[in-house]
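The structure appears right after this line, and notes come after that.
The values are calculated or read from the model by the stated rules, or taken from the named source; none is laboratory data. Only a predicted model underlies this, so the values are computations on that prediction, with no experimental measurement involved. Positions of Cβ are generated from backbone atoms using ideal geometry, with glycine treated the same way; all protein chains shown enter the neighbour counts.
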Amino acid sequence: MERLVIEGGRRLEGTVQICGAKNASLPQIAASLISGAPLTLTNLPDVTDIQAMLALMEHYGVALGNRTAHSVTLDAGAARNVEAPYDVVRRMRATILVLGPLLARFGHARVSMPGGCAIGARPVDLHLKALTALGATIAIDAGFIDASAPRGLTGGRIVFGTPSMGATETAMMAAVLARGETEIMNAAREPEVADLAQCLCAMGATIEGAGTHRILVQGGAALGPARHEVIPDRVEAGTYAIAAAITGGHLELTGARLEHLSAVGQALEAAGVQIWPTDRGLMVSRSGPLRGVDITTEPYPGIPTDLQAQFMALMTIAQGASMIRETVFENRFMHVPELSRLGANITLQGTSALVRGVEILRGAQVMATDLRASVSLVLAALAAEGETVVNRVYHLDRGYECLDRKLVRCGAQIRRVS
Ligand SMILES: CC(=O)N[C@H]1[C@@H](OP(=O)(O)OP(=O)(O)OC[C@H]2O[C@@H](n3ccc(=O)[nH]c3=O)[C@H](O)[C@@H]2O)O[C@H](CO)[C@@H](O)[C@@H]1O
Ligand SMILES: C=C(OP(=O)(O)O)C(=O)O
């Protein structure tokens with residue numbers, strides 16, 4: 001198993017190219033299943049989650065053409081409606097996103113129920129509720145979701161109790177092939193949802209309001225060949241912004257969009273970090289002291305849960321204290337004991353973590369259980385005195401393209417060893 005050996009204490013300076021968003025790419029790859037015409041996606045990140053999703057598409061008989069590290073043409077003209085097995089779904093929860101497209105296209109779908117994961121139980125009831133509102137019959141049988149609509153889906157009104165990115169994406173993709181209009185209320189407003197809508201519109205769909213609480217989909221449009229460029233990854237950009245901040249460095253993040261990171265930008269500024277847009281993306285710099293800032297994770301446009309662990313790493317060396325509240329997932333503090341191994345002073349109180357800043361972190365062996373927890377350990381290691389070994393690098397490779405190489409180019413000292 002590979003691990004990263006990080007010698008901390010180096011200030012980062014330079015330029016980091018931000019990749020396409022993993023969490024925008026995954027639903028768009030799944031969306032290829034709703035159409036018999038080819039869909040070309042560009043600006044995909046070269047990360048293992050995308051490779052796994054593309055392998056799943058091949059399992060469904062989707063032909064992958066013109067493949068490069070960052071683009072592919074998905075042709076689902078000869079797609080087969082087979083089962084999504086537990087072994088695949090359990091490893092990557094985003095595979096649940098094939099349920100809506102398969103059901104809408106074939107009138108039936110059988111997908112293994114995803115299990116819980118390191119960050120929480122992550123139920124799929126809202127995905128099922130959305131499909132039921134469009135006329136599907138759903139049964140849970142031997143760990144599988146069996147969804148059927150033999151006469152096709154019909155447009156309807158879907159009202160979500162909680163905004164869910166995944167369930168909003170399921171609803172939009174299914175509604176594109178349903179008869180008539182679908183209204184999605186309390187929809188998730190994340191940029192990845194709006195980007196999926198743009199991709200679906202490029203395919204021929206008619207969708208209004210994506211990126212707001214109310215989305216309208218006119219179903220039944222004829223779909224054709226399409227090409228779409230995936231938006232830049234705001235979580236990757238936020239992670240490198242924190243890398244600059246935690247090392248007292250200066251990084252330009254090319255391709256990053258500050259408008260997708262407003263709440264994070266405000267929290268960073270309150271902590272003493274400068275962040276401003278440039279012609280190529282955004283610049284992040286810190287020269288003065290870091291101050292403790294309280295944050296609460298929220299659905300977009302609030303501070304994303306996917307940056308909570310990284311922000312906590314930053315707060316471990318800030319002056320004063322910081323209260324970090326996690327409101328999206330019930331168990332997303334797996335990084336706390338590992339940050340403590342580096343010398344952080346963190347007290348967990350239910351869904352909040354009180355971080356009292358320390359003068360210095362010291363390198364140690366650490367291990368993480370999920371993608372963002374792992375990267376928070378890398379960030380802390382960059383600021384720590386001495387050597388840190390981050391185990392289970394495969395978590396990082398799920399969502400960060402060349403993380404170690406990008407950091408090394410900006411002055412970090414990191415070795416990948418197996
Ligand atoms: C591939 C992808 O895009 N993953 C992102 C997506 O995950 P994902 O789409 O799974 O997350 P959701 O937005 O659906 O989850 C938001 C909240 O809704 C709850 N919920 C969700 C679905 C459901 O059927 N029932 C239910 O109760 C979840 O447990 C959670 O508390 O959004 C999360 C929240 O921004 C991010 O952390 C993930 O990185
Ligand atoms: C939690 C994440 O991804 P997923 O929803 O695929 O588990 C993430 O990207 O931080």
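Mind checking which pairs have a first residue in region 93-119 that is away from ligand 1 (no atom under 15 Å from the Cβ) and a second that is acidic (D, E), Cβ under 6 Å, 6 or more apart or different chains? Every condition considered, the pairs that remain are R110/E83; R110/D146. So, in region 322-339, how many residues would count as being surrounded by 16 or more Cβ atoms within 10 Å (Cβ to Cβ) and under 22 Å from L382 (Cβ atoms)? So the answer is 9.
Among the residues of region 259-272, just one is buried (at least 24 other Cβ atoms within 10 Å of the Cβ) and either more than 18 Å from the chain's Cα centre (by Cα) or in the same structural domain as E190 (by TED's automatic domain parsing) (or both), namely L268.
Here E83 meets each of (1) closer than 28 Å to Y394 by Cβ; (2) away from ligand 2 (no atom under 16 Å from the Cβ); (3) in contact with a Cys (Cβ under 7 Å, 6 or more places away or on another chain) with one exception, condition (3).
Would you confirm, using the coordinates I've provided, whether L56 is closer than 23 Å to R372 by Cα and in contact with a helix residue (DSSP H, G or I) (Cβ under 8 Å, 6 or more places away or on another chain)? First the steps, then the outcome.
On the way: closer than 23 Å to R372 by Cα: no; in contact with a helix residue (DSSP H, G or I) (Cβ under 8 Å, 6 or more places away or on another chain): yes.
It is false that L56 is closer than 23 Å to R372 by Cα and in contact with a helix residue (DSSP H, G or I) (Cβ under 8 Å, 6 or more places away or on another chain).
Restricting attention to region 188-222, the residues that are closer than 28 Å to V293 by Cα and buried (at least 24 other Cβ atoms within 10 Å of the Cβ) total 3.
What number of residues in region 367-391 are more than 16 Å from ligand 1 (Cβ to nearest atom), touching a strand residue (DSSP E or B) at 6+ places or on another chain (Cβ under 9 Å) and closer than 15 Å to I414 by Cα? Show your work before the answer.
Taking region 367-391 as the starting set, the residues that turn out to be more than 16 Å from ligand 1 (Cβ to nearest atom) are 367, 377-391.
If we keep only those that are touching a strand residue (DSSP E or B) at 6+ places or on another chain (Cβ under 9 Å) too, we end up with 367, 377-378, 380-382, 384-391.
Right, trim to closer than 15 Å to I414 by Cα and you get 377-378, 380-382, 384-391.
Total meeting the criteria: 13.
Return the residue satisfying two criteria in turn: it lies in region 125-150 and is free of Cβ contacts under 8 Å to residues at least 40 places away in the same chain and under 23 Å from the mean Cα position of the chain (by Cα), and of such residues it is nearest to ligand 1 (Cβ to nearest atom). Selected residue: D125.
Among the residues of region 68-77, is any within 16 Å of ligand 2 (Cβ to nearest atom) and buried (at least 16 other Cβ atoms within 10 Å of the Cβ)?
Residues of region 68-77 within 16 Å of ligand 2 (Cβ to nearest atom): none.
Looking through region 68-77, none of the residues is within 16 Å of ligand 2 (Cβ to nearest atom) and buried (at least 16 other Cβ atoms within 10 Å of the Cβ).
Pairs meeting the criteria (first residue in region 25-50 and in a loop (DSSP other than H, G, I, E, B), second residue surrounded by fewer than 24 Cβ atoms within 10 Å (Cβ to Cβ) and of a type in the set (S, T, N, Q), beta carbons under 6 Å, at least 6 apart or on different chains) are P38/T73.
Residues of region 258-312 that are over 18 Å from I246 (Cα atoms), more than 16 Å from ligand 2 (Cβ to nearest atom) and of a type in the set (D, E): E259, D279. The listed residues are A221, A187, A241, and the only one of them that is assigned to a helix (DSSP H, G or I), among the small types (G, A, S) and touching a strand residue (DSSP E or B) at 6+ places or on another chain (Cβ under 7 Å) turns out to be A241.
Here E169 meets the list (1) within 13 Å of ligand 1 (Cβ to nearest atom); (2) assigned to a strand (DSSP E or B) almost entirely, failing just condition (2). Screening P232, P163, P225 for residues that are of a type outside the set (A, V, I, L, M) and surrounded by fewer than 18 Cβ atoms within 10 Å (Cβ to Cβ) leaves exactly one candidate, P225. Selection of region 223-275 for residues being polar (S, T, N, Q) and more than 14 Å from L407 (Cβ to Cβ) yields T254, S262, Q266, Q274. Within region 256-301, the set of residues being part of a strand (DSSP E or B) and either modelled with pLDDT under 95 or closer than 30 Å to E330 by Cα (or both) comprises R291, I295, T296, T297.
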